[in-house]
Each structure stands twice: as C-alpha cells, then as structure tokens.
1. On the accessible surface of the range 57-101, probed at 1.4 Å, how many percent belong to carbon and sulfur atoms?
2. Could you give the length gained on full extension between residue 96 and residue 69, defined as 0.36 nm per residue of separation minus the Cα-Cα distance, in nm?
3. Quick check on packing: order 100-109, 17-26, 45-54 by the mean number of other C-beta atoms within 10 Å, highest mean leading.
4. Multiply the residue separation of residue 11 and residue 83 by 0.36 nm, subtract the distance between their alpha-carbon atoms, and state the gained length in nm to one decimal.
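The values are calculated or read from the model by the stated rules, or taken from the named source; none is laboratory data. This structure is a prediction, so every number in the text was calculated from the model and none was measured. Here the Cβ is made from the backbone with ideal geometry for all residues, glycine too, and neighbour counts use every protein chain on show. These area figures cover heavy atoms from the full protein model, side chains too; ligands, DNA and RNA do not enter into them. Shrake-Rupley method; radii C 1.70, N 1.55, O 1.52, S 1.80 Å.
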Amino acid sequence: MTKPLVSHLPHHDVVVVGGGPAGLQSARFLAGKGLSVVLLEEHPSVGFPQHCTGLVSLEGLARHILVSDRKVVVNRVRGAWFIGPGGVRLLVERSEPVAAVVDRPLLEQLLLDEVARGAEVILGARVQPELLGAGSPVVVAAGVSSLARSRRDYVLPALQFDYQLSQSCG
C-alpha cells in the first residue's frame with residue numbers, strides 16, 4: 001500500500017522527518033526551546049515496526065530521554081557475555097545495573113504524547129525530501145542517504161538523539 005505523499009506544509013521553524021526515538025527526542029527538545037516544529041512519520045503510529053532491541057543506558061534514560069523508568073523498563077542489565085568466533089567467552093559485569101531494555105513502542109508513544117503538546121504531528125504520510133522546499137531547517141531521522149536531495153539550509157541527521165544538540169542550543 002502506497003502512503004500518501006506530503007506535498008505542502010505550512011511554515012515551521014523546523015521540520016523533523018521520522019518519528020522514531022531520535023526524531024521524537026529532537027522534536028520534543030526543539031519545541032521545548034520555543035521553536036515551531038512539525039514532526040512527519042510515514043507509519044500510522046509510532047513504535048511499529050520495531051527496529052531495535054530497545055537497550056538504553058540508565059543514565060541516558062534519566063538525563064536525556066526523561067521518561068520514568070518505572071513506565072518503560074522491562075529489564076535492567078548489569079552485564080553481558082561476549083562470545084568470540086572460536087567459542088571464547090568473556091563476561092563483562094558490573095555490581096549495579098547500567099542499562100535497561102525498554103518497551104520501545106510504549107517509550108515512543110509516551111514521547112509522541114509529549115511532542116504533540118508542543119508541535120504539529122503528521123502520521124501516516126511518506127515524505128520526499130525534494131518536496132520540503134527551502135526555508136526551515138530539517139531534522140532527518142530516516143538516515144543519511146536521504147540528505148543528498150534535501151534543499152534545506154540546515155540538515156541535522158537525527159539517527160540518534162545527541163545531547164550535544166541540547167548543549168549547543170542552550
């Protein structure tokens with residue numbers, strides 16, 4: 001099934017393309033700084049299809065994702081086994097948990113709820129970079145390959161929300 005193309009957007013300070021964790025984090029942060037933001041996601045809901053395991057550091061969850069770990073943490077992790085090609089096994093372990101497996105669909109829905117309070121959200125629409133036109137900066141959470149065709153003045157690939165964005169914007 002072909003998704004409808006977004007062909008016209010009202011002006012926004014920033015357009016965020018992609019409603020995964022990086023795009024949601026970027027949209028939430030930028031809207032929180034007072035910018036007019038629109039988030040575009042090709043799927044009809046966030047969290048599906050699930051693209052990764054949802055392993056995050058506890059520090060990152062507390063300091064940057066800012067969602068209660070009681071709501072989204074499925075399991076806490078304090079170590080991991082690494083198994084080499086020859087069968088050599090190495091255990092790396094801490095006394096306290098340092099990471100967590102999170103319920104990614106729930107995490108993304110909670111982030112979307114926050115984003116929707118401060119930004120426009122358009123779900124279920126495929127976006128062609130050439131249709132975005134010039135003007136607003138764009139945050140592309142879909143990957144670096146889509147950047148070449150963008151005609152925006154500024155492009156930030158939001159493959160992973162980077163706390164340096166929050167540091168550089170105040």
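1. After summing per-atom areas, the C and S share lands at 55 percent.
2. 8.2 nm
3. Working: 100-109: 18.8, 17-26: 25.2, 45-54: 13.5.
Per-residue mean Cβ counts within 10 Å order the peptides as 17-26, 100-109, 45-54.
4. Working: separation 72, 0.36 × 72 = 25.92 nm, distance 5.15 nm.
Using 0.36 nm per residue and subtracting the Cα-Cα distance, I get 20.8 nm.
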